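Here the structure comes first, spelled out in structure tokens, and everything after it is commentary.
The values are calculated or read from the model by the stated rules, or taken from the named source; none is laboratory data. The structure presented is a predicted model; accordingly, all values stated were derived computationally and were not measured. So basically every Cβ, Gly included, is an ideal-geometry build from the backbone, and we count neighbours across all protein chains shown.
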Amino acid sequence: MIKVGSAISTNVSPVEAANEVLDRATAPLEGSPVDLAFVFVSSTHGPRVQEVASSLAPRLAGATVLGCTTQASIGEEREIEEGPAVALWVAHLPGTVLVPFRLSFERTPDGQALIGFPILEDHIKSVFLLADPYTFPTQHLLQSLNDDYPDLPVFGGQASGAGAGQIALVLGDKVLNEGAVGVQIGGAIDVTPLVSQGCKPIGDPYIVTQARGNIIFKVGGKPPLFRLREIMSKMTPEDHANAAHNLHVGVVIDERKADPAPGDFLIRPVLQADPETGAISVGDVLTVGQTVQFQVRDAATADADFRGLLEERLGQTGGRDPVGALLFTCNGRGSNLFGSPNHDVNVLRDNVPGLPVAGMFCGGEIGPIGGKNFLHGFTASVALFLEPFPPRDD
């Protein structure tokens, strides 16, 4: 049986915080060994991450341990957005295969290359990745995995809360200052994704008819600003004001879908607009023929989207309740978006009371949309751990 525990401490001493979370997080395992652990250390403790890793190591000997620094640590029912915090998530995973790895992006005689990713065996079901955004090309790796291993979900995020050269990654008892760390997971475990981008579509979908790079010149044969003015002219004053400040574009992932729903869009921000030409620039490269739709984000929409997707996902588990969850949420959510702390973690625990949860605020969240993995922004990406279905007697 899978056993999971989580804990968080705001002790100003990183060593004492590590010992506190170890005691509380491992209690639900009732003496069973820890196979997998994630530790999330607030940037306040950043210079002392090695003390945290070294304190955890003796009692987590034999376990795969991953972690990183973060702007805010998440554990139990709290998201600690300011001050010191150490969050720990531990799991006993019998029958599970764990393949930890360290990645680097290096210059080789044949050009730059990703070094260190283990060959994916057939039994691997998911991958977790924690990356330094300043030294590792996360999107490049995700694109390679999408091309070579379609339908393999990747979870995780980019470390946050510190500048270049100050990010710390944890792999076992070692602390690294560049690249990425991760683990491949296979065997007797099901990990199912929930990615809430928190936007609602406005207007109609349009085909991109003229674009270059990340600039869209025409959608449906007309400049996108022309289309947007048509849409906003029919809005209430409140919705009009929200759209003016929280505008995004949704890009349909699977063009084979005739009637794309909200979960079928990859959300990207609108960066700039040219009032003379009506063109807009967005946070991704688009091509002619892709389907796009304007989107807006606000606290109410983000809340409803997260709750709705979670309810839908829980209804697809075949009657199995999650036994644990890892939460990777944007540093632009939390109090910045919802006006009060603990929103995302409380939504999870409201729907699954007592669910062991830990995670972090990210500088980019990793999760699958439409069967492909992406690096997101302003998103909550959740990995729900489930007991596998028992084998059938044929």
Discussion item. Kindly evaluate residue 104 against the criterion of being closer than 30 Å to residue 20 by Cα, in contact with a Gly (Cβ under 8 Å, 6 or more places away or on another chain) and not acidic (Asp, Glu).
Written reply: no
Discussion item. Being in contact with a helix residue (DSSP H, G or I) (Cβ under 7 Å, 6 or more places away or on another chain) and modelled with pLDDT of 95 or more is the requirement here; does residue 216 meet it?
Written reply: yes
Worksheet, complete the sentence: Per the filter on region 337-394, residues under 17 Å from residue 74 (Cα atoms), among the β-branched types (Val, Ile, Thr) and outside any loop (DSSP other than H, G, I, E, B) are 345, 347, 357, 366, 382
Worksheet item: Within region 91-99, is even one residue in the same structural domain as residue 46 (by TED's automatic domain parsing), closer than 24 Å to residue 331 by Cβ, touching a residue at least 60 places away in the same chain (Cβ under 8 Å) and not acidic (Asp, Glu)?
Response: no
Worksheet entry | Check on residue 54, buried (at least 24 other Cβ atoms within 10 Å of the Cβ) and at pLDDT 95 or above | no
Worksheet entry | All positions within region 278-299 that are in a strand (DSSP E or B) and over 15 Å from residue 247 (Cα atoms) | 291
Worksheet item: Residues in region 126-141: is at least one assigned to a helix (DSSP H, G or I) and either among the acidic types (Asp, Glu) or crowded, with 17+ Cβ neighbours inside 10 Å (or both)?
Response: yes
Discussion item. List pairs: first residue in region 320-345 and closer than 17 Å to residue 71 by Cβ and without any contact (Cβ under 8 Å) to a residue 60 or more places away in the chain, second residue buried (at least 20 other Cβ atoms within 10 Å of the Cβ) and among the hydroxyl-bearing types (Ser, Thr, Tyr) anywhere in the structure, Cβ distance under 7 angstrom, at least six positions apart or on different chains.
Written reply: 330/379
Practice prompt. Count, please, the residues in region 4-19 that happen to be in a helix (DSSP H, G or I) and either on the phi > 0 side of the Ramachandran plot or free of Cβ contacts under 8 Å to residues at least 60 places away in the same chain (or both).
Written response: 3
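Matching residues to (1) within 30 Å of residue 386 (Cβ to Cβ); (2) within 23 Å of the chain's Cα centre (by Cα):
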residue: 279; (1), (2): no, no
residue: 282; (1), (2): no, yes
residue: 297; (1), (2): yes, yes
residue: 302; (1), (2): yes, yes
residue: 310; (1), (2): yes, yes
residue: 316; (1), (2): yes, yes
Discussion item. Can you tell me which of (1) among the aromatic types (Phe, Trp, Tyr); (2) modelled with pLDDT under 95; (3) surrounded by 23 or more Cβ atoms within 10 Å (Cβ to Cβ) is the one residue 38 doesn't meet?
Written reply: (2)
Worksheet item: Does residue 82 satisfy being in a helix (DSSP H, G or I) and either more than 20 Å from the chain's Cα centre (by Cα) or not assigned by TED's automatic domain parsing to the domain that holds residue 332 (or both)?
Response: no
Worksheet entry | Residue, nearest to residue 80 (Cα to Cα), within region 300-336, restricted to residues that are of a type in the set (D, E, K, R) and in a helix (DSSP H, G or I) | 303
Fill in: Verdict on residue 353 being surrounded by fewer than 23 Cβ atoms within 10 Å (Cβ to Cβ), farther than 21 Å from residue 188 by Cβ and either of a type in the set (Asp, Glu) or touching an Asp or Glu at 6+ places or on another chain (Cβ under 9 Å) (or both)
no
Discussion item. Going residue by residue through region 38-56, is there one that turns out to be among the β-branched types (Val, Ile, Thr) and in a strand (DSSP E or B)?
Written reply: yes
Practice prompt. From 254, 274, 305, grab the single residue that is surrounded by fewer than 19 Cβ atoms within 10 Å (Cβ to Cβ) and within 17 Å of residue 369 (Cβ to Cβ).
Written response: 254
Worksheet item: If the Cβ limit is 6 Å and pairs must be 6+ apart or interchain, which residue in region 196-210 that is within 16 Å of residue 296 (Cβ to Cβ) pairs with which residue that is among the aromatic types (Phe, Trp, Tyr) and outside any strand (DSSP E or B)?
Response: 196/306
Worksheet item: If you check every pair at least six apart or on different chains, which have Cβ atoms under 8 Å apart with a residue in region 21-38 that is on the phi > 0 side of the Ramachandran plot first and a residue that is surrounded by fewer than 22 Cβ atoms within 10 Å (Cβ to Cβ) second?
Response: 30/3
